[in-house]
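Asker: Just dropping this structure here.
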Amino acid sequence: MQRLLHYLFHTRNHTFVVLHLVLQGMVYTEYTCEIFGYCQDLEFSLYYLLLPYLLLMANLVFFTLTCFTNPGTITKANELQFLEVYEFDEVMFPRNVRCTTCDLRKPARSKHCSVCNWCVHRFDHHCVWVNNCIGVWNTRYFLIYLLTLTASAATMAIVSTAFLVRLVMVSDLYQETYIDDFGHFQAMDTVFLIQYLFLSFPRIVFLLGFVMVLSFLLGGYLCFVLYLAVTNQTTNEWYRGDWAWCQHCPMVAGPPSGEPKIYQNIHSHGLWSNLGEIFLPAVACYDRKKK
């Protein structure tokens, strides 16, 4: 078990990439075979039904870009260039620190990835779902990939819900009655209606439940990633900065005779500037060099 976990989460492999594509394929197969045909019979707008496929194509494009784009690997050739991009705060990112593995000077906001075994500039995290680090050069692709994935799950949930609601309205199921365990006629209630729909359309109801849970999970993570983007933080910096509140953290502990050093985000320069560093990293580097 330890070897399996180490292989899955501590070595580069394509297991989660394949799993991602298989799950996505299964969901869209169910959508095509079950919901798409029924919705056409109920005269849903074709543009409405094709929206999940448009989001899928966009998602696969940015998924591929996130997987195969160099995240910002630091090498001997670009070491000096990266050292000039961000200033050192001397708390989380002190000056003149070398990576013991790569034997390179560590630029501010960089980190050595133990999975990929290289240092990455503006390191965010290593994502097993794309089998790549998220860094300065592919954060923009990762953000749009996550946005389109969340949107596709949410759109599919909305279409599935609309189909079931339209079905109930057209067939007047909410006006029907049923006989309970005591032989009495009861008006159709919500619980019994859901049970009836699950027995009649089990695959559609199960798909709806799955994409709804997925939408909430992805939506929550997307909000977190957007918060990091607009405040010009990375997941690595947010995590380490959160620990900085701990007075016993050696990362922020000052000398015994001096004032304790407190981490502050010195890289945030306003909403548009922060987003510019993500979506136009080359321009951001050039502008900083000119200054």
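Laboratory data are not the source of any read-out in this text; all were calculated from the coordinates shown. Keep in mind it's a predicted model, so treat the numbers as computed, not measured.
Asker: Please list the radius of gyration and Dmax for the stretch 25-107, considering alpha-carbon atoms only, with Å as the unit.
Answerer: Cα radius of gyration and Dmax of the stretch 25-107 are 24.0, 67 Å respectively.
Asker: Find how much the distance from Arg98 to Ala77 grows on full extension, using 0.36 nm per residue of separation minus their present alpha carbon separation; answer in nm with one decimal.
Answerer: Gain on extension, Arg98 to Ala77, equals 6.0 nm.
Asker: Would you mind listing how long the stretch 1-151 runs along its three principal axes, going by Cα atoms, in whole Å with the largest first?
Answerer: 67, 38, 27
Asker: Related question: Run the numbers for His14 and Leu217: contour at 0.36 nm per residue of separation, minus the present Cα-Cα distance, in nm. Write down the numbers at each step before the final one.
Answerer: Details: separation 203, 0.36 × 203 = 73.08 nm, distance 2.26 nm.
That works out to 70.8 nm of additional length.
Asker: Under the classification rounded if a/c is under 1.5, otherwise prolate if a/b is larger than b/c and oblate if not, where does the stretch 14-58 fall, given a ≥ b ≥ c as square roots of the Cα gyration tensor eigenvalues?
Answerer: Judged from the Cα gyration tensor, the stretch 14-58 comes out oblate (a/c at least 1.5, b/c at or above a/b).
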